[in-house]
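Just below is one structure, and these are the notes that go with it.
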Amino acid sequence: MSERRRKRPLRTSRTEALDRVPVRHREVLEERLENGLLRLSVPVAPRPWIARLAIRLGASPPAPPRRRIELDRLGTEVWKRLDGMSTLREIAAAFAAEHRLPVREAEAAVARFVRELGRRGLIGLR
């Protein structure tokens with residue numbers, strides 16, 4: 001019986017993580033809601049068998065569905081700062097100054113939010 005080794009995720013130091021630049025997924029659409037907040041939507045890859053079935057039936061493959069995510073006020077503020085040039089450290093520092101938070105606390109909050117956006121496929125890091 002062979003043992004399967006699990007690949008461990010690469011561990012990034014806090015300093016390295018804060019020096020990364022978040023980049024928005026190019027197919028994310030923003031919709032401004034009446035209350036000033038944002039609703040983001042990103043295409044979800046369709047199941048391959050659905051596309052094959054549509055082609056066999058003579059139809060074009062369906063347009064990919066979109067996943068929608070509504071941001072709260074703080075999430076909307078952070079999203080607006082994701083310009084593809086600013087590092088997480090710079091975004092967190094601006095967030096801390098604007099909300100009168102300790103920098104360390106702002107870094108943790110922004111990092112958690114950006115991690116969740118990445119998990120949902122809305123951003124990448126470079």
Percentage relative contact order, the chain, counting C-alpha pairs under 8 Å, at least six apart = 32
Relative packing of 46-58, 11-23, which averages over residues the other C-beta atoms within 10 Å, highest first = 11-23, 46-58
Taking a ≥ b ≥ c as the square roots of the Cα gyration tensor eigenvalues, with a/c under 1.5 meaning rounded and otherwise prolate when a/b beats b/c or oblate if not, the chain comes out oblate
Rounded to the nearest 10, the angle in degrees between the Cα long axis of helix 103-119 and the longest principal axis of the Cα atoms of the chain comes to 0
Cβ-Cβ cut-off under 9 Å around residue 42, Lys and Arg +1, Asp and Glu -1: the net charge is +3
For the chain, size of Cβ-based charge dipole, Lys and Arg +1, Asp and Glu -1, in debye = 880
Helix axis angle, 88-99 relative to the chain longest principal axis, alpha carbon, degrees | 60
Do the sum for the chain: with -39,500 (n - 2.57) for every DSSP H run of n ≥ 4, divided by all residues, what is the mean residue ellipticity at 222 nm, to the nearest 500 deg cm²/dmol?
-> -12500 deg cm²/dmol
Looking at region 54-126, which GluC sites (Glu not before Pro) are DSSP coil and have at most 10 other C-beta atoms within 10 Å of their C-beta?
-> none
Net charge near residue 108, counting Lys/Arg +1 and Asp/Glu -1 over other residues with Cβ under 14 Å of its Cβ?
-> +2
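Values quoted throughout were computed directly from the atomic coordinates according to the rules given, and no laboratory measurement underlies them. Everything numeric here is computed off the predicted structure, so don't read it as measured data. Here the Cβ is made from the backbone with ideal geometry for all residues, glycine too, and neighbour counts use every protein chain on show.
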